[in-house]
Structures are given as structure tokens and as C-alpha cells.
Amino acid sequence: MKKFFSTIRNIFSIEELRSRILYTLFFLIIFRLGSFVVLPGIDPDKLSDNSTGFFGLLDTFLGGAFSNASIFGLGIMPYISASIVLQLLTVAVPYFQKMQKDGESGRKKINQITRVLTVIICLGQSVAYIKGTINPEAIMLPNSFVFLLSSMIILTAGTIFCMWLGEKITDKGIGNGISMLIMIGIISRFPGAILAEVATRQLEGAIFLIIEVVVLFFIVMGVVALTQAVRKVPVQYAKQVAGKQVYGGQRQYIPLKVNSAGVMPIIFAQSLMFIPPIIAGFFDDSEYASYVTQWFSDYTTWQYNLVSALLIILFTFFYTAITINPNQIADDLKRNGGFIPGVKPGKQTSEYIDSVLTKITLPGSLFLALVAILPAFAAMAGVGREFAQFYGGTSLLIMVGVILDTLQQINSYLLMRHYEGMMKSGRMKGRSSNVAVA
């Protein structure tokens, strides 16, 4: 405990780090306050409940802004959708591939296209949001067209403002701004879920509540291990003589993450899981359609979890394949005079990296699928549905990933000022300098 308070004192003794933390807290408070500002012309007491299904998932990411019909009702999600589209285009379309390789100027062009696409997505999603989720009885304006137009503009402006907040957190604060906004929305639901679970258990369920907390602790530790796990591929650099100086000859490594795809496979899978009920809705008279609707409308059914797990495994391999290019890594190593011991440079190096990546992606995808369906097991075991959402899935992976990234940044500031790191051993992923740049 003494070391903990000493570390906190060291953090706030660094002026730059203290300023960044305060800036981050300030911007996050603004984001949370905006989630309670209701759109003009809406009676909040007559809003319909959007806390279940896909809408409930969005509401979790946005910290209640979606169900509150606030000016941040769409939050940062349109920007994330636009970023995913641009990321896929940089893999499939040569024009965007060339733009990505143009360095800083190319990244600026991609960012501009992402912002424009975000506005377009916002305008489309705002219409669907107003028409599909807001109860007509809650609209107080007599002219529906004026309400629709004004709400589209306000929701789009709210998303752009959230983008600006995220960029400001990245520039002046600590951590990745966009990820921080999503994480604070998720964490804001955690105290309410805890209180609801405590109220449900009361005194007779105190032992079960303790068991729930202990199980949640070990699940979080498992997710941390999944997020941090890497396979180190050794790389040897040939010695080069320039004048009287000898360069190279160092043995480094390429860190290949076990879960290179992150949380994206779960997001893709959950997006597709809402398609079967929509299609079944067109065949109301069919007995099979009612079964499909029943299976895929409840995330605790075995059919839902089986299909979801299979989709996550497939998307993990797909997303890893489009984000990590073994050919490019092999070419970069060959260009810089590096090679993997026992493997010839060029094609064989690419094949070796691809085989290693395939071997580590399989257990990573299986564990990711298990994490994704853990909330269903928790709900079936008697845990409250709201609290069960924190036992796995997208919420837990995002929180763990963002917290670890933020801790690494704080740790780097402490080490630069010659303070002891956040961990006593001082071994956090990303701290070692012996990493091959591919």
C-alpha cells in the first residue's frame, strides 16, 4: 500500500503528466454531461426502453446516451464505423493502399476521408435512430419534418464534437481519446450494475455475491493475459562496417500478439447476429421463423452462442489476415539486413511468419470466443443480466485494452523521469527496447 501511494505521488509530481491527466478528466466530464442533454423537442419521460438487444449494446458503449435520446445519442460509433470501412478499403483497394504508404500526407488524406464518411454515416444513422427508437408520443414538436431535420443536424454535430473531444484527449491528455470515450461509457454503467446486484442478493445471497466478484476477478486476469500474450519470433541483424564503426549484429524479436484482431471479431459477429431475426420477420407465418427469432433474440440460448462463437473464430482469422502482412514483414527484414535464424530471407521467412501466426491465432480465437459467450453463462448461472455483461464480451475487452494502454503511457512518463514504474517488476508489455521494427 505504501508503494501504491508513493507511485500516485510520483505521477502527480510530474507536471506534464499531471496536466495530461487533468485534461483527460475534464474532457471526459464534458462527454458524460453531454450524454444527459436531451434533444430539443423530446419529452424524456415518454421515451421507450432501448436497453435490450443490439440497442442495449450500443447504449452500453455510449453510457446511456442512446436511451436518453441525448445530443450525443450516436456518440463516437459512426466514426468507428467509418474507420473500419477505410481500414478494409486500404486492404482491398489499390488507391487506398498507395495512400496509406505515402506516409504522413497519406494518413492526413485518409483521416479527412474518414471524417467526411463519418458525417455521411451520421446523417443516415440519425434518421434511423429518430424513426426507429424514439417513441412518437415523446416528440412534442407539431411539425415532424422540422424535428427530424433539427435532430439530424444536432446528432451529427454531437458526433463531430465527440470526435473533437477524442482527438483532444489523444493530443493533450493520456491514452487513446476515442477508446477512452467508449471505455468511460462502459464504466459508467458498472456502479449501477453492482448496486442492482447487491440489492438483488441482499443478505441471504452475500456468499453468492462474493463468489461472483471472485470469478469476475479471475476472468479479468484471463483477459489481461490474452491481451498481453505475444509470441516472440527471434530476428538476427547482420553486422555492417562503416568506417571504423561496426553496426548491427544484434538479436531482437518480432512480437506477434496471440490476439492481433483485438475486439473487432466480436463487434463483427454481434452485428451479424441481428440479421437472422430480421430475415425471419418477413416469414411470420412460418414455424421455423418463430424458432429462429426465439433463438437469436436471446443471447443465453445455445444456438445463439454456438453461431456467435463460430463467427468470432472466423472473423479472428480474417481480421488478423488483413491487418498483418507476412510478406511485408519479410521484405522489411530483408531490406534492413535482418533474418530469422535457420530460415532463408524472402519467401521462406514470409511462410514461416504466416505459419507461426496461424498457430497462435487458433488458440487466441478460441479463447476470444469463450470470452464473448461468458456473459451468457454468467446469466444462466443466476447473475443479474446487467452485471453479467461485465463477465466478458466487448465491454470487458475494451476496458482491459484501454486501461492497459493508459498504464503503459503513464509508466513511460515515470521511467523517463527516473521513477519506479507502475509495476514492481517493471515488466510491462512494450517497455523492452529489443523489438524488431518491421
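The values are calculated or read from the model by the stated rules, or taken from the named source; none is laboratory data. Keep in mind that this is a model prediction, so the values were computed, not measured. We place every Cβ from the backbone using ideal geometry, glycine too, and count neighbours over all the protein chains shown.
Observations, loosely collected:
- If only residues of segment 109-143 that are surrounded by 12 or more Cβ atoms within 10 Å (Cβ to Cβ) and basic (Lys, Arg) are counted, the one that is nearest to Leu39 (Cα to Cα) is Arg115.
- Within segment 336-350, being part of a helix (DSSP H, G or I) and surrounded by 15 or more Cβ atoms within 10 Å (Cβ to Cβ) holds for Thr349, Ser350.
Every residue, every condition in (1) small (Gly, Ala, Ser); (2) in the same structural domain as Phe318 (by TED's automatic domain parsing); (3) over 25 Å from Ile42 (Cα atoms), yes or no:
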site	(1), (2), (3)
Gly63	yes, no, no
Phe66	no, no, no
Leu89	no, no, yes
Phe96	no, no, yes
Met99	no, no, yes
Gly106	yes, no, yes
Lys109	no, no, yes
Pro136	no, no, no
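- Only one of Lys232, Lys239, Lys257 that is surrounded by fewer than 18 Cβ atoms within 10 Å (Cβ to Cβ), modelled with pLDDT of 85 or more, under 30 Å from Lys344 (Cα atoms) and among the charged types (D, E, K, R): Lys232
- Phe31 assigned to a helix (DSSP H, G or I), hydrophobic (A, V, I, L, M, F, W, C) and in contact (Cβ under 8 Å) with a residue 40 or more places away in the chain: yes
- When Leu314, Leu333 are checked against the criterion of being modelled with pLDDT of 85 or more and either part of a helix (DSSP H, G or I) or under 22 Å from the mean Cα position of the chain (by Cα) (or both), a single residue qualifies: Leu314.
- Being under 30 Å from Ala376 (Cα atoms), touching a helix residue (DSSP H, G or I) at 6+ places or on another chain (Cβ under 8 Å) and free of Cβ contacts under 8 Å to residues at least 40 places away in the same chain holds for only one residue in Phe296, Phe317, and it is Phe296.
- Test for Gln245: is it modelled with pLDDT under 85 and more than 30 Å from Val85 (Cα to Cα): yes
- Out of Asn327, Asn305, sole residue that is in the same structural domain as Gln252 (by TED's automatic domain parsing), at pLDDT 80 or above and either more than 30 Å from Gln252 (Cβ to Cβ) or in contact with a Gly (Cβ under 6 Å, 6 or more places away or on another chain) (or both): Asn305
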